Amino acid sequence: MRTLHMAELLKFEPEQGKILLKGSRVMIFDSTSLGRLRSDLITTLGKDRAKGFLIRYGWSCGFEAAKSIKEQFEWQNELEWSQAGPTMHTSLGFVKVVPLTTELNEQESWFLRKGIWVNSCEVEQHILHFDYSDEPVCWMLVGYAGGYQSACLGKKVVYKEIQCAGQGHEHCVFVGKTVEEWGEEIIPELAYYEVDKIAEELEDALREIKMKNSVLERSVAVHERLTHCLLTAKGVEAITASLTELMNCTVILEDLNLIPQFHLFPDDPLIKEQLTPYVHIWSSRSFQKSAAAYRRQKRPFQIADDYEDVKIYRLVSPILVGSELLGFVSLLRTKLAFSELDNVALEQAATVYALKILEERKIASIESRLKGDFVDDLLSGNFSDAQSIINRARALPYDITQPHRVLVFKINNFSQLVVLINKMNKKSWILRQSWPTLFNPTCSI
């Protein structure tokens with residue numbers, strides 16, 4: 001059995017700047033440079049594409065090594081040639097190969113079925129750059145072993161790492177079989193052996209960038225337009241009109257029970273004709289039974305339905321302030337489903353509606369308090385002159401220069417009523433028993 005030694009394999013020609021491995025030019029470089037390349041590939045291309053690239057690179061190295069060695073040496077038989085593969089891998093410093101099982105096929109060609117890899121250079125570099133992995137990382141070693149044995153057998157052999165030191169195991173364990181022997185189990189791995197069509201991938205990446213740019217542009221447009229409505233004190237109608245124009249969709253505002261309160265169609269009679277019946281079916285009893293699931297949603301969600309042979313798509317976003325649900329805003333259209341771009345735009349619109357509702361709540365609260373104070377001051381005469389109270393009334397707005405009727409109710413024992421109301425939570429039965437005696441059946445007008 002021939003034993004390979006590096007002394008007979010390598011020939012140094014420093015004056016030519018060459019190192020030859022039995023006639024084939026090779027280079028010696030630090031493993032850290034390979035680790036840096038690996039890191040850049042993963043960072044730039046992603047793990048899957050980098051894995052495929054390194055597997056194919058290893059496969060090419062193994063396949064060419066097998067051909068070169070066969071031509072450079074005289075082998076007693078195919079078995080000896082096949083066994084040189086693991087020896088070469090070890091001698092070149094990539095990894096120590098420890099065979100566990102070997103096998104002869106029908107043509108008596110030998111290849112390694114199962115073995116252990118110790119001190120894998122790929123494991124060292126992967127951990128250095130990325131820490132431990134949740135999957136095997138010896139991609140070049142897998143490719144090299146498969147390429148070498150495929151050249152020897154004349155049929156495709158694929159190696160698979162079933163345990164890896166890069167995952168935290170003591171050592172790496174690999175298994176090699178022909179594609180036919182692997183069967184369906186190996187199908188997911190075969191994709192890594194196919195050459196990527198870089199041009200197509202670049203086109204896909206460009207399309208994705210354009211899509212994300214469109215999402216950003218639409219998002220900015222919706223944000224600016226609706227925020228302008230909010231800052232210029234425009235009402236819900238103006239916000240809805242702007243959203244309808246920007247999205248070219250029917251917009252529906254609904255209450256907590258998903259009952260439409262306000263809706264607006266785009267300037268298209270056909271759209272209005274198609275969607276008008278659909279706007280109101282949400283108030284049906286059958287829909288109300290399923291609406292509970294929608295009220296639990298925290299992000300925009302899409303539903304689709306066929307209504308009189310028309311495909312209707314509805315994108316719904318809850319209007320939320322913290323955990324409080326204020327209502328819903330929906331987009332409605334036919335034929336085309338809503339995209340992630342539409343999701344982002346509608347979510348921003350829901351935020352604007354939430355701010356508007358909060359603003360109106362605050363205004364209503366202030367107006368209620370001012371009206372109460374105004375009535376108190378008016379009845380008690382707490383004002384400096386008539387014009388001052390008239391001006392306050394107009395700001396609310398009331399015009400008290402016009403004739404008004406004032407009803408004043410006098411409640412007997414009012415102080416007792418106040419005391420009983422304060423105690424109502426503890427002794428509500430007292431109020432129920434005393435209620436008939438608290439009021440005089442007559443009143444002053």
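The values are calculated or read from the model by the stated rules, or taken from the named source; none is laboratory data. Given the structure is predicted, the values throughout are model-derived calculations rather than measurements. Every residue, glycine among them, receives a Cβ derived from its backbone with ideal geometry; neighbour counts consider all protein chains shown. The area values use the complete protein model at the heavy-atom level, side chains included, leaving out ligands, DNA and RNA. Shrake-Rupley method; radii C 1.70, N 1.55, O 1.52, S 1.80 Å.
Working note: Karplus 6.51/-1.76/1.60 with θ = phi - 60° gives segment 365-372 the couplings 5, 5, 4, 4, 5, 5, 5, x Hz, where Gly and Pro are set to x. Ranking PHE53, PHE301 from most to least accessible surface, computed with a 1.4 Å probe over the protein chains only, gives PHE53, PHE301.
Ligands, DNA and RNA aside, HIS404 has an accessible area near 120 Å² when probed at 1.4 Å. Put the Cα centre of segment 319-344 next to the Cα centre of segment 149-178 and the gap is 50 Å. Here the accessible area is traced with a 1.4 Å probe on the protein chains. For segment 123-193, carbon and sulfur cover 49 percent of it. Measuring between alpha carbons in the structure, the pairs from LYS18/LYS160; LYS11/LYS70; LYS47/LYS96 lying more than 27 angstrom apart are LYS18/LYS160.
The packing ranking, built from the mean of other Cβ atoms within 10 Å per residue, places the peptides 379-389, 356-366, 34-44 in the order 34-44, 356-366, 379-389, highest first. For THR250, the amide hydrogen comes within under 5 Å of the amide hydrogens of LEU332, counting only partners 5 or more places away or on other chains and with H modelled in the peptide plane.
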